[in-house]
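What follows is one structure encoded as structure tokens, with my remarks underneath.
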Amino acid sequence: MPYWFFMFHLLEKRIADAFAAKIGALYGVNAPVQTEQPKQAAFGEIAVPAAFQLARQLKKAPKAIATELSNGVGAIEGVAGIEIAGNGYMNVRLDRGFYGAALLSEREMRETCIEAEKIIVEHTNINPNKAAHIGHLRNAILGDTFVRMLRAIGRRVEVQNYIDNTGVQVADVVVAFEHLEKKSPTDVKGLIETTRFDYLCWDLYARMSGYYADHPEALEWRKATLHAIESGEGATSELAHLVSDAIVRAHLATMYRLNIEYDVLPRESEILHLKFWAQAFELLKERKAIYFETEGKNKGCWVMPASAFKESSDDQENVEDSKVIVRSNGTVTYVGKDIAYQLWKFGLLGKDFYYRKWHTYPDGREVWASTSEPQTGSPPFGRGARVYNVIDSRQSYLQDVVVAGLRALGFETQAEASVHFSYEMVALSPRTCIEMGIELSEEDKKKPYVEVSGRKGLGVKADDLIDKLIEKALDEVTSRHTEDPEPQRRRVATQIAIGALRYFMLKYTRNSVIAFDFAEALSFTGETGVYVQYAAVRASKILGKLTERGEALPDFRAELTQDAITRQLADERLWQALLTASKADAAIEQAVTSGEPSHVARYAFQLAQAFSTFYQDFPVVTETDKEKKTFLLWLTTYFRAQLEHTLGVLGIDVPEYM
RNA sequence: GCGCCCGUAGCUCAGCUGGAUAGAGCGACUGGCUUCGAACCAGUAGGCCGGGGGUUCGAGUCCCUCCGGGCGCACCA
């Protein structure tokens, strides 16, 4: 509902409706009319290809139909004219004065009506056993941007970051502390306070993986540790909580550097202790979604039949493909727990966590973490109407099984509303591996990219990359503003670095593999976040220059009549600039529909390009014609607002200067 | 073996439910700062959209097939 207020959308709909009505009246055909953007600006603003679709049904030349329609459709408010082009396109030209005047008065119409339905977006989900790396950054930035997109169009969103604090990965670091390092919980507490703990664990985890490879018998330690962690008691369990809590704090700090915040941290330990799984298990058995296998390789396990999650063309059921949910020793697999968690997200489990406040961000937002101790005064979480799981595409098989679980339980609606928001991995370019001193095999050298591996400690740490970006940005800022105090320069440099990083992770579509390359990520020219920020800063600079000259910003609504706007927009360059700038909300909405944050990034870049050409072509403050100057100033403020709005959706700040 | 993803300019990538002359950025080459700061702008060169079939008024986009690359397919998480 809210986006019909956006001018471009409104006109598109108006045109589509008018044509649909005419087609109904003339030919008795009832179908929605498509509109599209013409390839070239010279063709007008909105193209209607309806004549092509009709040509077949009516057995009539497209051009003849187009002629009849465009003559018959009559006057549409906001439309200046319709032309026939090619062999049947109807190109619509907007009434520029009408459009400009509408935009000028539109501003306070951007009210957000928040929907009652809650959307849950789960992202980040990093194993709390070591520092975050660039792959995790893609997940978090993608997830956070999608959240911002949803909120921008008025949706109510809850951000969850699932913490697997009882898994093998945490256990391995605990094993390393206890057996390799001989550390007590007190020792580790000391390390947490005095060292870069997430980095320390990064190395320790890699060491432990190596140790297992050389000493397979050490896997017994892992088994015992997992057991201890699961029980929730004793020094080993205490150590595990110390490690995972400290690492979670480190991850949240890293993500906060990127303007990423969360609402709630559901933790695996509570899923265990509050017996979420037991509840889900009963449901799955009761509704016959899983069965007890009595023969074959899965003998003694509770399994989900392959037919539930695989579409096989031939109906011969392959028992080998079934998915084990409960092992023969009675323990539950990862997918099983995930089904329980997914049920909870929709409020279908019949159980809930307790929550304690984990952290309050400087802006006042609170993050809550699950706990098994009864608490009062926490806000409600879960019970989403729609759930997006931001998880890389390698897990699509498991995600399919989880959704199949919902479906098998009879929760068809919720299965439909479960979205695996998948994306491809971030790998390393061979060049970057060499730069980092990583040794590559002959085979790897030939590959276009090399997969990162936490086990091997192979990868780029998120904070290292951010630091590197900030230092580079600081050099650039310093070269332009030598006289400014260091903290100020650093603040600006940080905003630039984050802008560059977020944009870099967002400009690729979700299913293209990013071969991470330092040279590309550190680039501040061309299609980058920095370019977009620069445009916004320049727009502000114009307005700053004006006040510096002792001039005030005109009252645009009073001074710019529709006639004045029509006169100014007769200049094709200004019209194109305004048109591009007016499409921000349409771009965001389309990106939400297609689930593709890169569309917003690309629009932001186009917007900045449009501003940069405008900036080059029209000196604003020195303009002598009063009406023109007023118009140029308005366009500048409009650009500035749209740039800031779009960058905000991307989670990128506009620096005070650059 | 089965499933998913990718193949578009030298490189990195866009291309919305099939639509007009396939677009950006980087790199290369030409120009433009006594400035609302050039982290910019204007321009040039560069394409059998992996190959082959098909569907139709129309295919980079849909279907089939082949080739090349990646990732999954655990009683790991």
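The values are calculated or read from the model by the stated rules, or taken from the named source; none is laboratory data. Here the structure is a predicted model, which means the values were calculated and not measured. Here the Cβ is made from the backbone with ideal geometry for all residues, glycine too, and neighbour counts use every protein chain on show. Surface areas here come from the heavy atoms of the whole protein model, side chains and all, with no ligands, DNA or RNA. Shrake-Rupley method; radii C 1.70, N 1.55, O 1.52, S 1.80 Å.
Can we say A:Asn127 is under 36 Å from the mean Cα position of the chain (by Cα), farther than 26 Å from A:Gln568 by Cα and buried (at least 18 other Cβ atoms within 10 Å of the Cβ)?
yes
Among what's in region A:584-597 and is open to solvent by 10 Å² or more (accessible area, probe 1.4 Å) and more than 11 Å from RNA strand B (Cβ to nearest atom), pick the residue that is nearest to A:Phe631 (Cα to Cα).
Once the filter is applied, the top-ranked residue is A:Asp585.
Would you say A:Leu11 is among the aliphatic types (A, V, I, L, M), in a helix (DSSP H, G or I) and within 16 Å of RNA strand B (Cβ to nearest atom)?
Spelling it out, A:Leu11 is indeed among the aliphatic types (A, V, I, L, M), in a helix (DSSP H, G or I) and within 16 Å of RNA strand B (Cβ to nearest atom).
In region A:75-105, what residues are open to solvent by 20 Å² or more (accessible area, probe 1.4 Å) and of a type in the set (S, T, N, Q)?
Matches in region A:75-105: A:Asn87, A:Ser105.
Among the listed residues A:Glu178, A:Glu193, which satisfies the condition of being assigned to a helix (DSSP H, G or I), loosely packed, with under 15 Cβ neighbours inside 10 Å and either away from RNA strand B (no atom under 16 Å from the Cβ) or not hydrophobic (A, V, I, L, M, F, W, C) (or both)?
A:Glu193
Take the conditions over 18 Å from A:Val532 (Cα atoms), within 15 Å of RNA strand B (Cβ to nearest atom), in contact (Cβ under 8 Å) with a residue 40 or more places away in the chain and in contact with a Leu (Cβ under 9 Å, 6 or more places away or on another chain) and apply them to A:Phe631. Does it pass?
Yes.
Within region A:451-474, which residues are of a type in the set (A, V, I, L, M, F, W, C) and more than 22 Å from A:Val173 (Cβ to Cβ)?
If the condition is that a residue be of a type in the set (A, V, I, L, M, F, W, C) and more than 22 Å from A:Val173 (Cβ to Cβ), then A:Leu465, A:Ile466, A:Leu469, A:Ile470, A:Ala473, A:Leu474 are the ones that fit.
If you check A:Ala250 against the conditions, is it open to solvent by less than 60 Å² (accessible area, probe 1.4 Å), more than 30 Å from A:Asp464 (Cβ to Cβ) and either modelled with pLDDT of 95 or more or not β-branched (Val, Ile, Thr) (or both)? Give the steps one after another, and end with the answer.
Numbers: open to solvent by less than 60 Å² (accessible area, probe 1.4 Å): yes; more than 30 Å from A:Asp464 (Cβ to Cβ): no; either modelled with pLDDT of 95 or more or not β-branched (Val, Ile, Thr) (or both): yes.
Here the answer is no, as A:Ala250 does not meet what is asked.
Enumerate the pairs (first residue in region A:324-343 and more than 6 Å from RNA strand B (Cβ to nearest atom); second residue anywhere and among the aromatic types (Phe, Trp, Tyr)) with beta-carbon separation below 6 Å, excluding pairs fewer than 6 apart on the same chain, so at least 6 apart or on different chains.
Sorted first by the residue in region A:324-343, then by its partner, the pairs are A:Ile325/A:Trp302; A:Val326/A:Trp302; A:Val332/A:Trp277; A:Lys337/A:Trp277; A:Ala340/A:Phe276; A:Ala340/A:Trp277.
For residues in region A:49-74 being farther than 17 Å from A:Gly28 by Cα and within 12 Å of RNA strand B (Cβ to nearest atom), which is most open to solvent (accessible area, probe 1.4 Å)?
A:Lys63
Quick grid of which residues meet (1) within 24 Å of A:Arg267 (Cβ to Cβ); (2) away from RNA strand B (no atom under 16 Å from the Cβ); (3) open to solvent by less than 30 Å² (accessible area, probe 1.4 Å):
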residue	(1), (2), (3)
A:Ala369	yes, yes, yes
A:Pro374	yes, yes, no
A:Ile391	yes, no, yes
A:Arg394	yes, no, no
A:Leu406	yes, yes, yes
A:Phe421	yes, no, yes
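What is the number of the single condition among (1) part of a helix (DSSP H, G or I); (2) open to solvent by 10 Å² or more (accessible area, probe 1.4 Å); (3) within 11 Å of RNA strand B (Cβ to nearest atom) that A:Ala608 does not meet?
(2)
Test of understanding: among A:Ala280, A:Ala308, A:Ala289, which residue is at pLDDT below 90 and open to solvent by less than 50 Å² (accessible area, probe 1.4 Å)? Write out each step before concluding.
Working: A:Ala280 fails: at pLDDT below 90; A:Ala289 fails: at pLDDT below 90.
Only one candidate passes the filter, namely A:Ala308.
So which residues in region A:13-37 are modelled with pLDDT under 90 and among the aromatic types (Phe, Trp, Tyr)?
Of everything in region A:13-37, just one residue is modelled with pLDDT under 90 and among the aromatic types (Phe, Trp, Tyr), namely A:Tyr27.
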